[in-house]
1. Which sequence of B:V80, B:V50 reflects their accessible areas, 1.4 Å probe, from the largest down?
2. Could you order B:R62, A:R109 by accessible surface area, starting with the largest, using a probe radius of 1.4 Å?
3. Just need log10 I(q)/I(0) for region B:86-139 at q = 0.30 Å⁻¹, Debye formula, equal scatterers on the alpha-carbon atoms, no solvent, rounded to two decimals.
4. Any idea what angle helix B:6-17 forms with the longest principal axis of chain B, computed on alpha-carbon atoms, 0 to 90 degrees, nearest 10?
5. Could you pull out every residue, at least 5 positions away or on a different chain, whose amide H is within less than 5 Å of the one on A:S27? Hs are placed 1.01 Å off N in the peptide plane, and Pro or chain starts have none.
6. Taking the inverse of the average 1/r across all pairs of different Cα atoms in region A:45-133, what Kirkwood radius in Å do you get?
7. At what distance in angstrom do the alpha carbon centres of region A:1-15 and region B:2-44 lie from each other?
8. Could you let me know the centre-to-centre spacing of region B:121-156 and region A:108-123, using Cα atoms, in angstrom?
Number of protein chains: 2
Amino acid sequence: MKLPVSTEWVLHCATTLAQLEPGATASAAQLAEYYDLPAPYLAKQLQALVRAGILSATTGPRGGFRLGRPATEITLLAIVEAVDGGTSPYECREIRQRGAGALPPEDCRNTCVLARKMADAHEAWRRSLAEDTLADIIASLPPSAPARTRARMATTGRGPRSGGGS
Amino acid sequence: MKLPVSTEWVLHCATTLAQLEPGATASAAQLAEYYDLPAPYLAKQLQALVRAGILSATTGPRGGFRLGRPATEITLLAIVEAVDGGTSPYECREIRQRGAGALPPEDCRNTCVLARKMADAHEAWRRSLAEDTLADIIASLPPSAPARTRARMATTGRGPRSGGGS
């Protein structure tokens, strides 16, 4: 049972974007440089976060990624499921209805107790990850972290793009 | 994030073995026939359960698998981890220490907050699966289930092997 290696990438990139000035963006190339990651593959993962509404992407010379909604409304669960999907790691193929021991269909109207327990565990995992938002993560960092993040980001590519005059 | 397909197999096979008469065994071939599973691959998974102490295997003409300890002492977690290992699905490669944004080592003495939250979620999953033992699962089945299981198992291969005279 393994999450994609990009799970770490997107958790950190979203945390970094949450520390930029409001409206500022960072490109995939900048984020890749910031964490020494392969830019094309990172860009694909960031697009998955855009599809999930976690990030928004703007194009053009000042374009890049920024949070798609407030950091208080982005849970770690949402970020993880954006790149891994939301399905349970346990696959029930109803083997209880197969073979010499097959249960008759009328005994299988309810979900198998083993599948239910596996689903309960997945829900416990999901609830745990839904407890914390990006805002909670930022609040747990040293107070100097956001300023440092912005200063370091300014050394990548063209630096963060300010949000324009709008 | 996917568990091996054999997770369903071993959960059901362990539940079936927990319903046999004390001391009775079933071979991998019988269990494969019982659930219509590929016997050689199932046998490998059952051996993983033996290595974990969940099953014990006896050889010889009356040989086969039975529980390696009481059903009250076998959690679903132990069964799942016997075939999937116990490592967290989240892999932290410390990207916070890489690239243009690299944090200095002295700021990374503690585990990254994101890795901690992912570990918390994995522990929540593990705790959930540790709540139920095979005995609890059997207790949740219809009262007629064990007798039915034993009767059906008797139709496979040579039927269950009674525990000998000891």
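1. Largest to smallest exposure gives the sequence B:V50, B:V80.
2. Result, largest first: A:R109, B:R62.
3. -1.14
4. For helix B:6-17, the angle is close to 40 degrees.
5. Answer set, sorted by chain and number: A:F65.
6. 16.0 Å
7. 35 Å
8. Centre-to-centre distance over Cα atoms comes out at 11 Å.
The values are calculated or read from the model by the stated rules, or taken from the named source; none is laboratory data. Treat the numbers as computed from the prediction; the structure is a model and nothing was measured. Methodologically, a virtual Cβ is constructed for each residue, glycine included, from the backbone with ideal geometry; neighbour enumeration extends over all protein chains shown. Just so you know, the surface numbers come from the protein's heavy atoms only, side chains and all, with ligands and any DNA or RNA stripped out. Shrake-Rupley method; radii C 1.70, N 1.55, O 1.52, S 1.80 Å.
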